[in-house]
Amino acid sequence: MAIRHFLSTQDWSRADLDALLAQAAAFKRSKAGTQLAGKSIALLFFNPSMRTRTSFELGAFQLGGHAVVLQPGKDAWPIEFDVGGVMDAEAEEHVAEVARVLSRYVDLIGVRAFPKFQDWTVDREDRVIHAFAKYSTVPVINMETITHPMQELAHILALQQHFGATDPGSSPGQVLRGKKYVLTWTYHPKPLNTAVANSALQIATRYGMDVTLLCPTPDYVLDQRYMDFAKRNVAENGGSLTVSHDPQSAYRDAHVVYAKSWGALPYFGRWADEKPIRDAHKHFIVDEAKMALTDGGVFSHCLPLRRNVKATDAVMDSPSCIAIDEAENRLHVQKAVMAALASS
């Protein structure tokens, strides 16, 4: 039987995602469970984490399991991912051995590995997590690479619950259909990963919303792979997809504003050339004036967020900000995914 991994929500059906969200909502009502009793997960962090590490460790504990945290290159050996290479540099062992050995120890493997930000044609291959999935004999979970599927689920659960999916007679799978959703780029002093933006685009179109991708210039439009996923999602689930470079029209009558900073893909490895463009668009900050254009819209962000750079204090502290709800939901959706994969 083929091993089922959780690398991208695009690999899972809408029915599967709905079931995960329903289980996450149940875990939100009652945290404790036994779904991971006697089981363990290895969490490999190639990049720093606060919410991801905390929520995965606690999630495993709350379901009766045990999490082992590893930081390759720090408290574990550096790992090689090239096939056929001569390992005479920093790496001490190959992913082919790492993944197979860990598979003998644990029941699940989680991987967090960001792009190198030098060459997008290489980064878009997502080599690290796909190598683990290739060699592992247990399910592998994406804890953020060039997509962030756990954030997707936490985000969509927060929106469903905000817009009434828990109301009697409501249908969680339909409650977001037709909502105007703005995924807006925001300024940041340095270029960041496109992972959350890629994921937000995927999940918003998967749930039938009218999605506007707002970014400064065409250079900031997301990778064609994710634009194509979004178009396919619209064809299958309804809704729409629009690209805009005008904040005023994009924000007008929006029901959801989701902010994220990301670097322009054509400038990977040439960030000094991108910086003047980024610096010229600091006005893309989410502020009270823009939110006033919305239809009583809610605001969220994956966190961490630089206040008064990405969004103002007034927006972050307003009742319409659901970023903390979304962050909490990371715990619940990750438990749902771990439980589903462990049972399979």
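For this structure, a couple of remarks:
- Lone unmet requirement of (1) out of contact with any strand residue (DSSP E or B) (no Cβ under 7 Å at 6 or more places or on another chain); (2) modelled with pLDDT of 95 or more for Glu144: (1)
- All of (1) more than 16 Å from Tyr258 (Cα to Cα); (2) touching a residue at least 60 places away in the same chain (Cβ under 8 Å); (3) open to solvent by 20 Å² or more (accessible area, probe 1.4 Å); (4) not polar (S, T, N, Q) hold for Met143 with one exception: (3).
- Any hit, the range 28-39, residues being more than 21 Å from Pro115 (Cα to Cα), outside any helix (DSSP H, G or I), out of contact with any Asp or Glu (no Cβ under 6 Å at 6 or more places or on another chain) and without any contact (Cβ under 8 Å) to a residue 24 or more places away in the chain: yes
- Every residue from the range 262-312 that is of a type in the set (Val, Ile, Thr) and not in a loop (DSSP other than H, G, I, E, B): Ile277, Val286, Val298
- Enumeration of residues in the range 1-47 that are charged (D, E, K, R) and over 16 Å from the mean Cα position of the chain (by Cα): Arg4, Arg14, Asp16, Asp18, Lys28, Arg29, Lys31, Lys39
Rundown of residues vs (1) open to solvent by less than 30 Å² (accessible area, probe 1.4 Å); (2) out of contact with any Ser or Thr (no Cβ under 9 Å at 6 or more places or on another chain); (3) within 17 Å of Asp75 (Cβ to Cβ), yes/no style:
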site	(1), (2), (3)
Leu7	yes, no, no
Arg14	no, yes, no
Asp18	no, yes, no
Leu21	yes, yes, no
Gly38	no, yes, no
Arg53	no, yes, yes
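The values are calculated or read from the model by the stated rules, or taken from the named source; none is laboratory data. Please read these numbers as outputs of a predicted model, since none were measured by experiment. FYI the Cβ positions are ideal-geometry reconstructions off the backbone, even for glycines, and counts take in every protein chain you see. Calculation scope for accessible area: heavy atoms of the full protein, side chains included, ligands and nucleic acids excluded. Shrake-Rupley method; radii C 1.70, N 1.55, O 1.52, S 1.80 Å.
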